[in-house]
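*Asks:* Next up is a structure, given as structure tokens.
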Amino acid sequence: MDEFRVGVVGVGALGQHHARVYASLPGVSLVGVADVIELRAREIAGAHKTCAFTDYRDLFGKVNAVSVVTPTALHAEIGEAFLNEGIHVLVEKPLSNSLAGADRLISAARRNGRTLQAGHLERFNPAVRLVRERVRQPRFFEAHRMGVFTPRSLDIDVILDLMIHDLDIIRIMVPSVPLSIQAVGIAILTSRIDIANARIEFEDGCVANVTASRVSTEKIRKLRLFHAREYISLDYTRQDVAIFSVGPAAGAGAPRINGTKLNPPHREPLAAELESFVDACRREIGPECDGEDGRATLDLALRVLARAEMAQAREIDRP
């Protein structure tokens, strides 16, 4: 198969890993990386024996596809520019900082017949894939995503930065639409919301309680859910799943609780995601998470954010 040429725009905390993974994929050539910080572009390019650019437009005509891993406010502008050049695009989550920006990307992909993938990484976590095959009509979710503060992604709040991962996974597991949203959030170390909690009620009766923080003392990435007679606990970091189900009672005793732990083969989610993206581009098939999918998750996240900002404003206005 002909070599597939790729580039990465933005090689900061996450973009550098896009470059690393692309450089390791068979049949894929990392043609170049672009970053407005020249020293950073040269550093990452040197590590992977590729070219460094400070202007993303220098990748035009050189690549089949790119990852856009820039500050969120630039996603729509840069992604649209590549799509208009006939280049496939993976845009890191969130797809944009607005629905209008997401719509620009979706329209450009359709207009130019190119692949647009939203970078929702956890869809490629082996534990998530295992749970998606098993869960049916979930009734309750509880998600905790906590992280130690780092000076990254400070152009967006914790809802679009971290909580959106769990909102995406919950959204694709619940066969219903959100009916009501309550949320609270506060700014602690930045001018944006750094810790938030949301309660989402779906039309079918399912309820999700989601907490995210980027100012915690430890890193936690867990999702728990209940469906008929079964409780499932998923650890994103360890990539394992614990399942507890209710068994028949022994004689006159109480029903038994049966516990099982599942350990799917470990795989770096980013490697699985980028491999899937390249495959979708090559075969001209729909990606795992297309623009419309990314927009739907963004819409939910923005609704949560709006509720949290309203609650925050009420607190500020109190005498």
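*Asks:* Which one of Leu90, Leu105 is within 24 Å of His266 (Cβ to Cβ), buried (at least 20 other Cβ atoms within 10 Å of the Cβ) and assigned by TED's automatic domain parsing to the domain that holds Thr70?
*Replies:* Values: Leu105 fails: within 24 Å of His266 (Cβ to Cβ).
One residue alone meets the criteria, Leu90.
*Asks:* Additional query: Consider Gln239 against the criteria (1) out of contact with any Leu (no Cβ under 7 Å at 6 or more places or on another chain); (2) more than 30 Å from Ser24 (Cβ to Cβ); (3) at pLDDT 95 or above: it satisfies all of them except one. Which criterion is unmet?
*Replies:* All conditions are met except number (2).
*Asks:* Same structure, new question: Looking at Val9, Val31, Val66, can you tell me which residue is under 24 Å from the mean Cα position of the chain (by Cα), closer than 16 Å to Val278 by Cβ and β-branched (Val, Ile, Thr)?
*Replies:* After applying the criteria, what remains is Val66.
*Asks:* Only one of Leu154, Leu162, Leu167 is more than 21 Å from Lys222 (Cα to Cα) and in contact with a Ser or Thr (Cβ under 8 Å, 6 or more places away or on another chain). Can you tell me which?
*Replies:* When all the criteria are applied, what remains is Leu154.
*Asks:* Still on this structure: Looking at the stretch 159-168, is at least one residue part of a strand (DSSP E or B) and either at positive phi or modelled with pLDDT of 95 or more (or both)?
*Replies:* No.
*Asks:* Applying the selection to the stretch 216-242, what residues are under 30 Å from Thr190 (Cβ atoms) and part of a strand (DSSP E or B)?
*Replies:* Correct list: Ile220, Arg221, Lys222, Leu223, Arg224, Leu234, Asp235.
*Asks:* Mind listing just one residue for me: the one in the stretch 121-155 that is out of contact with any Lys or Arg (no Cβ under 9 Å at 6 or more places or on another chain), in a loop (DSSP other than H, G, I, E, B) and at pLDDT 95 or above and, of those, surrounded by the most Cβ atoms within 10 Å (Cβ to Cβ)?
*Replies:* Among those that are out of contact with any Lys or Arg (no Cβ under 9 Å at 6 or more places or on another chain), in a loop (DSSP other than H, G, I, E, B) and at pLDDT 95 or above, it is Pro138.
*Asks:* OK, next. If we keep just the residues of the stretch 179-201 that are closer than 16 Å to Leu162 by Cα and polar (S, T, N, Q), which is modelled with the highest pLDDT?
*Replies:* Asn197
*Asks:* Going residue by residue through the stretch 270-281, is there one that turns out to be touching an Asp or Glu at 6+ places or on another chain (Cβ under 6 Å) and part of a helix (DSSP H, G or I)?
*Replies:* Within the stretch 270-281, one or more residues are touching an Asp or Glu at 6+ places or on another chain (Cβ under 6 Å) and part of a helix (DSSP H, G or I).
*Asks:* Considering only strands (runs of 3 or more DSSP E) fully contained in the stretch 1-73, which possess at least 1 residues that are in contact (Cβ under 8 Å) with a residue 24 or more places away in the chain and not aliphatic (A, V, I, L, M)?
*Replies:* 4-9, 28-34, 65-68
*Asks:* What number of residues within the stretch 68-83 satisfy the criterion of being out of contact with any helix residue (DSSP H, G or I) (no Cβ under 6 Å at 6 or more places or on another chain) and either more than 19 Å from Gly32 (Cβ to Cβ) or among the small types (Gly, Ala, Ser) (or both)?
*Replies:* Counting residues in the stretch 68-83 that are out of contact with any helix residue (DSSP H, G or I) (no Cβ under 6 Å at 6 or more places or on another chain) and either more than 19 Å from Gly32 (Cβ to Cβ) or among the small types (Gly, Ala, Ser) (or both) gives 6.
*Asks:* For the stretch 263-275, check the following and say yes or no: at least one residue is at pLDDT below 95, surrounded by fewer than 17 Cβ atoms within 10 Å (Cβ to Cβ) and more than 30 Å from Leu25 (Cα to Cα).
*Replies:* Taking every residue of the stretch 263-275 in turn, none turns out to be at pLDDT below 95, surrounded by fewer than 17 Cβ atoms within 10 Å (Cβ to Cβ) and more than 30 Å from Leu25 (Cα to Cα).
*Asks:* Whether any residue in the stretch 137-154 is assigned by TED's automatic domain parsing to the domain that holds Ile232, within 20 Å of Leu74 (Cα to Cα) and among the hydroxyl-bearing types (Ser, Thr, Tyr) is what I want to check.
*Replies:* Among the residues of the stretch 137-154, at least one is assigned by TED's automatic domain parsing to the domain that holds Ile232, within 20 Å of Leu74 (Cα to Cα) and among the hydroxyl-bearing types (Ser, Thr, Tyr), which makes the answer yes.
*Asks:* Could I ask something else about it? Restricted to the stretch 143-187, and to residues that are in contact with a strand residue (DSSP E or B) (Cβ under 9 Å, 6 or more places away or on another chain) and among the polar types (S, T, N, Q), which residue is farthest from Val215 (Cα to Cα)?
*Replies:* Here the answer is Ser176.
*Asks:* Check whether at least one residue in the stretch 20-27 is surrounded by 20 or more Cβ atoms within 10 Å (Cβ to Cβ), among the charged types (D, E, K, R), modelled with pLDDT of 95 or more and outside the structural domain of Leu162 (by TED's automatic domain parsing), and report yes or no.
*Replies:* No - not one qualifying residue is present in the stretch 20-27.
The values are calculated or read from the model by the stated rules, or taken from the named source; none is laboratory data. Because the structure is a prediction, the values reported are computed rather than measured. We place every Cβ from the backbone using ideal geometry, glycine too, and count neighbours over all the protein chains shown.
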